[in-house]
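Inspection log for the structure reproduced underneath, given as structure tokens.
The values are calculated or read from the model by the stated rules, or taken from the named source; none is laboratory data. It should be emphasised that the depicted structure is a prediction, and the values quoted were computed from it without experimental measurement. Every residue, glycine as well, gets a Cβ built from its backbone with ideal geometry; the counts of neighbours run over all protein chains shown.
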Amino acid sequence: MADTQLPKPSPPPRPPQAAGSSPTPPPHRVGLSGAPNRQPAAAVFPPAGQSPTVAKPPPATRRGNLRPGVVVRPLSAPPPGVVSASTASQSTAAPNQPVGEADQVSGKAIVAGPAAAKSLTKPPAAQPVKPASPSPGQLPGPTQSSDQNKPIIPAQLSDQDQAPGLAQPAGPNSPPRLSSLPGLNQPPAPNQPTGPAASPLGPDAAQPSFAKFRRSPLRFLPWVVGGLVALVLLAGGAWAAIRFFGGGSSSLLGGPGPSPTDVGEPGSSSVQRQVVPGTKTTLVYWGLWEPDQALRDVLDKFEEANPGVEVEYVMHNPRDYRERLQTAVAGGSGPDIFRFHASWTPMLSRELDPMPGSVMSAAQFEQAFYPVVRQQLVLDGRVMGVPLMYDGIGLYYNKDALAAADASPPRTWADLKALAARLTIRDGSAVTRAGVALGNADNVDHFAEVIGLLMLQNGADPANPNTREGQEALRFYTNFVTQDNVWSDQLPSSTVAFARGDAAMMLAPSWRVHQIIATNPDLNFGIVPAPRLGDRPIGWATYWAEGVNAFSDNKTEAWKLVKFLSSAETMQRLFSEQSQIRSFGEPYSRVELADNLAANELVEPFLSDAPFAQGWFLNSATHDNGINDQLIRYYRDAVNAVIGGSSASQAMTTVEDGTAQVLRQYGAE
């Protein structure tokens, strides 16, 4: 970031003076506190309308109003007083609050006027007056302080769609920190006095016939001091804006700021690392689901291994995140690294930087991750992102409800359909406990993923949905309500209903586990892979990846961080850290680590489907307001139309037209 030089204020033009008249006294200045700072009148600067007072000698010795041997000369005034400044402070907010900063500016400027001169019989030796120097850490002008907040994961469920650790509002992005601000060490103005002026008359100098009043350069002193105060305030305001939008601390002429030895946060496992002055690079990393405490240890280790590189992690609110991300990148203020949903790859084709071969080769990438990753994160033969986690769709079931029915978890859709009818409890025609939360779009959290899975398993192409296979998938789904009556729109949302025991089964991603446990820790439930249609296994994948900003100035360092985070060692450390704040961490995206979670009954069902999972643009809770949300709206209308009596063929005709339009809009044909 180029330094910005603040202009120095120049004194206003002095009004012309009549010959022999007294100079106009300086105006009163008003300090930052609002009270006027009055300049004490000096002998050489009398009040307006009066002449300088000169001692009268005896009449016998007058010569042009001067007595021989007496010299009248102006005395220099002491420099203005010190302007004190408050030092900047920075505090760390609660780990789950979004980054937000508030800067306060306060301070007072005190200007000391010239001292009154005295008439002396003999001219004394000039005594230089030393200007008061600010103490270390003090500056002319105010400084600011900042606080940071980060999003908090809600402890309880609501009926609205939420993702794991759904964040409350986030804060802005952060430009690199500055260790100092320009424009504070300006040279003195040409007319600004730097010390007591030497007497223009010496003891042996010839005496003039009349001692004329000399104009002291100190007449500009109030303007110079006022200009310096304004300069400091302008510089402080610029610094406050940088701190507000970028965070971090800055060192101002010896004030608090980063030193050559950068120390990790208190309580973290980081150790001191030597940073070469002038070569520090700050990587801005935008995340969604993980608070800083889940990543801090890993990021500290990366910084230790890469002296001169610092990572600033910012947890964002997922709502409107995709649009904020693209707007920031287009405006030149985007992050260096960011999290994005795998299905967003076509939408972010301009913002994503292709992975260089130094991170991993194409063969290594294909071997390290599940096949669906190659399907979704490779664009025109180039890898556009690297996943740090994997997720899919699993069947949640209430163990007590199935035990009471002497039933086992279903493995096929036919088994699920039959078991749901047995588990449903009704009061007349009203469903009081649903056999399974399926059949409509109003209160089934992940109806879009279920319909997408049914279409893929039935051989339909979601890009061309108006086929016999696509229509069958839509009818099969809506029959849970229209024919089987095992679910009702009078019940709460599917996740809430399952957590309360009002639904015996539901389909959802792994992150819903955390919300269920937070809502009802005593619920006895289990998870199995999603039901199959026939013998061919097909699962549904919905996961997030890390990408690098194609317009970043730090792409080399950013890809080093992505490589570090996606290593098997780091993934295991991340899973361990995340498991300290919730039931389990993000499931591994690396195939080689799947066996490490084979004993975890809440995670293993999702990974068992991963080798043959597929994905498409029907993913709930991405909040992208783009390709996923727009296509989901078409399927929502189709489900409601069929429930309302329309044929699946008519409903799918509208879906097909809308699908073609959305795919074309986002370059995903």
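At pLDDT 95 or above, among the polar types (S, T, N, Q) and in contact with an Asp or Glu (Cβ under 6 Å, 6 or more places away or on another chain): does that describe Thr282? Taking the combined requirement at face value, the residue satisfies it. Just one of (1) in contact (Cβ under 8 Å) with a residue 60 or more places away in the chain; (2) not assigned by TED's automatic domain parsing to the domain that holds Asn443 fails for Met652. It is (2). Among the residues of segment 550-574, those identified as closer than 23 Å to Arg374 by Cα and among the aromatic types (Phe, Trp, Tyr) are Trp559, Phe564. Screening segment 381-475 for strands (runs of 3 or more DSSP E) wholly inside it with 2 or more residues that are in contact with a strand residue (DSSP E or B) (Cβ under 6 Å, 6 or more places away or on another chain) returns the ranges 394-398, 430-433. For segment 553-576, check the following and say yes or no: at least one residue is basic (Lys, Arg) and closer than 30 Å to Glu469 by Cβ. Within segment 553-576 (the criterion being basic (Lys, Arg) and closer than 30 Å to Glu469 by Cβ), the answer is no, since none of the residues qualifies. Report whether or not Leu395 is within 20 Å of Val329 (Cβ to Cβ), touching a Pro at 6+ places or on another chain (Cβ under 9 Å) and modelled with pLDDT of 95 or more. No, not satisfied. Taken over segment 638-667, the criterion of being at pLDDT 95 or above and not in a helix (DSSP H, G or I) is satisfied by Gly644, Gly645, Ser646, Ser647, Tyr666.
Can you pull out every residue in segment 320-335 that is in a loop (DSSP other than H, G, I, E, B), crowded, with 19+ Cβ neighbours inside 10 Å and more than 12 Å from the chain's Cα centre (by Cα)? Correct list: empty. Checking Phe584, Phe612 one by one, the residue that is under 30 Å from Pro409 (Cα atoms), touching a Pro at 6+ places or on another chain (Cβ under 7 Å) and either surrounded by fewer than 18 Cβ atoms within 10 Å (Cβ to Cβ) or in the same structural domain as Glu469 (by TED's automatic domain parsing) (or both) is Phe612 and no other.
Only strands (runs of 3 or more DSSP E) whose full extent lies in segment 505-590 are considered here, and the ones with at least 2 residues that are aliphatic (A, V, I, L, M) and under 22 Å from the mean Cα position of the chain (by Cα) are 544-548.
Say whether the condition of being aliphatic (A, V, I, L, M) and either over 25 Å from Trp616 (Cβ atoms) or outside the structural domain of Asn628 (by TED's automatic domain parsing) (or both) is met by at least one residue in segment 449-468. Within segment 449-468, not a single residue is aliphatic (A, V, I, L, M) and either over 25 Å from Trp616 (Cβ atoms) or outside the structural domain of Asn628 (by TED's automatic domain parsing) (or both). Select from segment 413-465 the residues that are among the polar types (S, T, N, Q) and out of contact with any Leu (no Cβ under 7 Å at 6 or more places or on another chain) and write down the one among them that is farthest from Gly667 (Cα to Cα). Ranking the qualifying residues of segment 413-465, first place goes to Ser429.
Within segment 658-667, is even one residue in contact with a Pro (Cβ under 7 Å, 6 or more places away or on another chain), outside the structural domain of Gln457 (by TED's automatic domain parsing), crowded, with 18+ Cβ neighbours inside 10 Å and polar (S, T, N, Q)? Within segment 658-667, not a single residue is in contact with a Pro (Cβ under 7 Å, 6 or more places away or on another chain), outside the structural domain of Gln457 (by TED's automatic domain parsing), crowded, with 18+ Cβ neighbours inside 10 Å and polar (S, T, N, Q). Pairs linking a residue in segment 388-414 that is in the same structural domain as Leu533 (by TED's automatic domain parsing) and surrounded by fewer than 23 Cβ atoms within 10 Å (Cβ to Cβ) to a residue that is at pLDDT below 95 and part of a loop (DSSP other than H, G, I, E, B), with Cβ atoms under 6 Å and 6 or more positions apart or on different chains, are Trp413/Leu533. From the set of residues in segment 342-356 that are among the polar types (S, T, N, Q) and assigned to a loop (DSSP other than H, G, I, E, B), which is surrounded by the fewest Cβ atoms within 10 Å (Cβ to Cβ)? Only one residue tops the list, namely Ser349. Given the structure, is Arg339 assigned to a helix (DSSP H, G or I), among the basic types (Lys, Arg), within 15 Å of the chain's Cα centre (by Cα) and at pLDDT 95 or above? So Arg339 fails the test.
Okay, residues lined up against (1) in contact with a helix residue (DSSP H, G or I) (Cβ under 7 Å, 6 or more places away or on another chain); (2) β-branched (Val, Ile, Thr):
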| position | (1), (2) |
| --- | --- |
| Ala610 | no, no |
| Gln630 | yes, no |
| Val639 | yes, yes |
| Ile643 | yes, yes |
| Thr653 | no, yes |
